[in-house]
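J.: Have a look at the structure that comes next, please.
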Amino acid sequence: MTGVANVRLDVPATAKRGEIIDIKTLVAHTMETGFRRTHLGAPIPRDIITTFVCSYNGVEVFRAELHPSVSANPFIQFSTVATESGTLEFIWSGDNGFSATQTARIVVS
Amino acid sequence: MKVASGFAAAAVLPSVVGAQMTRTPLNNMPEVIRKLVGTKAINQGKVKLGLPPLVENGHLVPLNVSVESPMSEADHVKAIHVFTERNPLPEMVSFRLGPRAGRAQVATRVRLADTQNVVAIAELSDGSFWSDSAYLIVTLAACLEELPA
């Protein structure tokens with residue numbers, strides 16, 4: 001897939017130390033299942049996001065493995081403990097070399 | 001295996017609900033679950049799988065899973081797997097988490113090809129497996145639409 005991926009993030013900008021924060025992510029992607037056919041009967045090849053990883057200051061805190069059963073424009077919600085100020089990095093990767101990265105800053109007091 | 005009772009119910013229910021309709025065939029979900037858990041027992045409880053009971057559009061079904069766990073270093077949820085019975089592939093999505101998640105609660109949106117059972121299995125740090133399942137009625141199916149020639 002070419003072009004810059006459209007990513008939406010919902011991450012709190014600030015948090016108290018030890019607080020559990022909710023993170024919502026959404027990435028624009030067709031998630032073509034590989035089970036559909038064109039009107040001429042030709043199979044449409046699979047093109048999905050297979051992996052999503054969230055790292056907190058370089059340490060992996062959450063990972064998801066996606067299959068064709070996940071809807072288009074995958075939405076994933078999870079939580080993490082706000083341990084220290086820094087950067088949350090979100091990486092999506094998948095078929096046909098798809099890769100998208102987005103980061104969010106968090107200030108922990 | 002306690003989860004077997006869920007599968008038995010699945011075999012009975014569709015014959016009532018979808019008597020006049022062609023059903024999407026069952027996939028190899030029990031086999032794939034067996035591969036994941038090995039010889040261990042699948043316990044009922046702890047896991048809560050949230051899905052709407054009646055789905056109008058199988059393309060976009062909100063799904064959430066929460067597991068009762070202190071999420072400490074010693075006792076936490078390692079992974080949450082979601083399986084489907086009648087989608088072309090039994091694997092739906094797997095989440096890997098650990099004590100840094102704080103709470104074992106995840107949400108996403110999935111596709112459903114037919115009225116069917118969905119099973120969530122949580123893998124805990126002590127090596128035990130816990131599960132919950134939900135039965136959904138889907139009026140507009142995803143994945144398998146046939147376009148006119």
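The values are calculated or read from the model by the stated rules, or taken from the named source; none is laboratory data. Worth saying up front: this structure is predicted, and the values here are computed from it rather than measured. Backbone-built Cβ (ideal geometry, glycine too); neighbour counts: all protein chains shown. Side chains are part of the model used for accessible areas, which takes the heavy atoms of the whole protein and leaves out ligands, DNA and RNA. Shrake-Rupley method; radii C 1.70, N 1.55, O 1.52, S 1.80 Å.
J.: If you take the beta carbon distance between A:ASP10 and B:SER128 as r and set R0 to 45 Å, what does 1/(1 + (r/R0)^6) give as a FRET efficiency, to the nearest 0.05? Display every interim value, and only then the final one.
T.: Details: r = 33 Å, r/R0 = 0.73.
So, using R0 = 45 Å, E works out to roughly 0.85.
J.: Please return the longest stretch of chain A lacking exposed loop sites, where trypsin sites (Lys or Arg not before Pro) count only if DSSP places them in a loop and at most 14 other Cβ atoms lie within 10 Å.
T.: Longest run free of exposed loop sites: A:18-109.
J.: With the full set of protein chains in place, find how many percent of the accessible area of the protein assembly as shown is carbon and sulfur; take the probe as 1.4 Å.
T.: 55 percent
J.: Using DSSP to define loop residues, name the GluC sites (Glu not before Pro) in the range A:36-102 whose beta-carbon has at most 16 other beta-carbon atoms within 10 Å.
T.: Here the GluC sites (Glu not before Pro) that fit, given the DSSP loop and packing criteria, are A:GLU84.
J.: Add -39500 (n - 2.57) for each DSSP H run of 4 or more in the protein assembly as shown, then divide by its residues: what number comes out at 222 nm, to the nearest 500 deg cm²/dmol?
T.: -2500 deg cm²/dmol
J.: Where in the range B:74-116 does the label zone of A:GLU19 land, with the point 7 angstrom along Cα→C-beta and an amide N cut-off under 16 Å?
T.: Only B:102-103 fall inside the zone, counting backbone N under 16 Å.
J.: So with the 1.4 Å probe, I'd like the accessible area per residue for the protein assembly as shown, rounded to whole Å².
T.: Roughly 48 Å² per residue, with all protein chains present.
J.: Can you grab the distance from the C-alpha centre of the range B:73-149 to the C-alpha centre of the range B:44-69, Å, no decimals?
T.: 8 Å
J.: Within the protein assembly as shown, what is the number of lysine pairs with alpha carbons under 21 Å apart, leaving out pairs fewer than eight places apart on the same chain?
T.: Going through the protein assembly as shown pair by pair, I get 12.
J.: Report the extension gain between B:ILE137 and B:THR39 in nm, rounded to one decimal, defined as 0.36 nm multiplied by the number of residues separating them, less their alpha carbon distance. Each step should come with its number before you reach the end.
T.: Numbers: separation 98, 0.36 × 98 = 35.28 nm, distance 3.16 nm.
Residue separation times 0.36 nm, minus the Cα-Cα distance, leaves 32.1 nm.
J.: In addition: In Å² (nearest 100), what accessible area is buried between B and A, both sides summed, heavy protein atoms only, 1.4 Å probe?
T.: Interface between B and A: roughly 2700 Å².
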